[in-house]
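To start, the structure under review is shown below, and the notes come after it.
The values are calculated or read from the model by the stated rules, or taken from the named source; none is laboratory data. Here the structure is a predicted model, which means the values were calculated and not measured. Note that each Cβ is placed from the backbone with ideal geometry, even for glycine, and that neighbours are counted across all protein chains shown. Note: areas computed on protein heavy atoms with side chains; ligands, DNA, RNA excluded. Shrake-Rupley method; radii C 1.70, N 1.55, O 1.52, S 1.80 Å.
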Amino acid sequence: MGALQTLDATTSAPASAVIWLNGRQAIIAGIRGDEQVSQVIVNRGPGTELEYLAAVVRAIGDRERVMILGPNQVRLDLEREYVSIYRRPERLVDVEPAGRMDAEALVEWVRRLAS
């Protein structure tokens, strides 16, 4: 897997994240209360799907609002993994499956989610 970073979140204000992923790569855009946006890319590499999803959840971190975009099955698998780790299903923002999105589009989504 690629270098793993955790998005920086502050405790003073709710933080949000928007993720687009498929079975090979996850692009994560996060925003803090001070409107600073961070981006992280997690590549699957040779590990198992569960290892990949757990790495993505760690990169997302414990957020107040999380929107997961991507093909149906992998999106649902990540939602389940997020809930199994953080036990906060109410933080997931419900959306429809989405086609490929680039980092710029995710930044726009995360700004809307945080507003």
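The protection proxy used here, the mean number of other Cβ atoms lying within 10 Å of each residue, ranks peptides 52-64, 99-111 as follows, highest first: 52-64, 99-111.
Beta-bridge orientation, region 15-77: approximately 70 percent antiparallel, per DSSP, counting only bridges with both partners inside. One decimal place: the segment Val37-Ser115 gains 26.8 nm when fully extended, by the rule 0.36 nm per residue minus the C-alpha distance. Rolling a 1.4 Å probe over the protein chains gives Ser84 an accessible area of about 60 Å². Could you compute the net charge surrounding Tyr86? Neighbours are other residues with a C-beta less than 9 Å from the C-beta of Tyr86; K and R count +1, D and E count -1. Neighbour charge sum, excluding Tyr86 itself: +3.
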